[in-house]
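Data block below; observations after.
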């Protein structure tokens, strides 16, 4: 087996140690599961290592890894349907009363995790990574219109389910541009 | 109650415990994939060359079989020399044509009226 130059391996190791925490948080917010996020990050880092000679600097490597996290998470969800977990007790399917809605942090996070993967990835990229709509579209590999629709639908579902008034102010750069 | 979706996501992300990713394991698995990719590329190249060689050979043999001999020998006959037809040797020297053992002297056969063209076949109108 031909091992890559030690210089490349050293650069990759430095990149990993510097950026893996941030990338893991993104992976965790997208999949909503600690173990799954760990697997997702490792898979994405392996793909990044394979593509490492094509990535010229650390910023492009981080963007590549983030994109790999998003696309891999979406493909995993589509293929494995891992959001469907076996349970002994059926969940209560009653529609929550908006007046009695629990708007705690935990419930909001739980509601966020019930969103479809694309909606969730779009929300995470827009509101956690602070990417613009164009950048989000680039990472997700779709059009800007699709990103707008995914974010709008996802936030609408969160409002409906939790009854909370979500503050979804646009990003600063878009406020300036619009 | 107003919740900022940004604050919500950041709080959730900040609370999560960051695992330690083993760089050696990642690099080892990456090298394994590169190795598999190289093997796959080599095998694909070998397969492509094999397909070209086998395809060329088969195409050549099929073309050769399809043409075949123009005049196939009759396999029922044991003596192939029966089919050979002998013809007289024919050649001309000057105004003499040699045809097998006999000769034809064109000079003696000439029409004293001279050479004739196709016009002698036309009917005369006068």
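The values are calculated or read from the model by the stated rules, or taken from the named source; none is laboratory data. In this text the structure is predicted, and so the values were computed from the model without any measurement. Ideal geometry is used to build each Cβ from the backbone, glycine not excepted, and the neighbour counts take in all protein chains shown.
When the range A:121-150 is examined, which residues are found to be surrounded by 16 or more Cβ atoms within 10 Å (Cβ to Cβ) and within 10 Å of chain B (Cβ to nearest Cβ)?
Listed by number, the residues that qualify are A:123, A:124, A:126, A:127, A:128, A:129.
Considering each residue of the range A:38-48, count those that are within 8 Å of chain B (Cβ to nearest Cβ) and more than 19 Å from residue B:31 (Cβ to Cβ), and give that number.
1
Answer with yes or no whether residue A:37 is part of a helix (DSSP H, G or I), without any contact (Cβ under 8 Å) to a residue 40 or more places away in the chain and surrounded by fewer than 21 Cβ atoms within 10 Å (Cβ to Cβ). Explain how you work it out, then say what you get.
Details: part of a helix (DSSP H, G or I): yes; without any contact (Cβ under 8 Å) to a residue 40 or more places away in the chain: yes; surrounded by fewer than 21 Cβ atoms within 10 Å (Cβ to Cβ): no.
Here the answer is no, as residue A:37 does not meet what is asked.
From B:7, B:12, which residue is at pLDDT below 90 and more than 7 Å from chain A (Cβ to nearest Cβ)?
After ruling out the rest, the residue left standing is B:7.
Just the residues that are more than 7 Å from chain A (Cβ to nearest Cβ) and within 22 Å of residue A:31 (Cβ to Cβ), please, taken from the range B:18-33.
Within the range B:18-33, B:20, B:22, B:25 qualify.
Of the residues that make up the range A:6-13, is at least one more than 12 Å from chain B (Cβ to nearest Cβ) and modelled with pLDDT of 90 or more?
At the first step, the residues of the range A:6-13 found to be more than 12 Å from chain B (Cβ to nearest Cβ) are A:7.
Adding the requirement that they be modelled with pLDDT of 90 or more leaves none.
No, the conditions are met nowhere in the range A:6-13.
Sort through B:78, B:2 and tell me the only one that's more than 30 Å from residue A:45 (Cβ to Cβ), at pLDDT below 90 and within 14 Å of chain A (Cβ to nearest Cβ).
B:2
From the list A:107, A:17, which one is within 14 Å of chain B (Cβ to nearest Cβ), in contact with a helix residue (DSSP H, G or I) (Cβ under 8 Å, 6 or more places away or on another chain), modelled with pLDDT under 90 and outside any loop (DSSP other than H, G, I, E, B)?
Unique residue meeting the criteria: A:107.
Taking the range A:1-14 only, how many residues are part of a helix (DSSP H, G or I) and within 16 Å of residue B:26 (Cβ to Cβ)?
Qualifying residue count for the region: 8.
Would you confirm whether any residue within the range A:52-67 is farther than 18 Å from residue A:120 by Cβ, within 10 Å of chain B (Cβ to nearest Cβ) and surrounded by 14 or more Cβ atoms within 10 Å (Cβ to Cβ)?
yes
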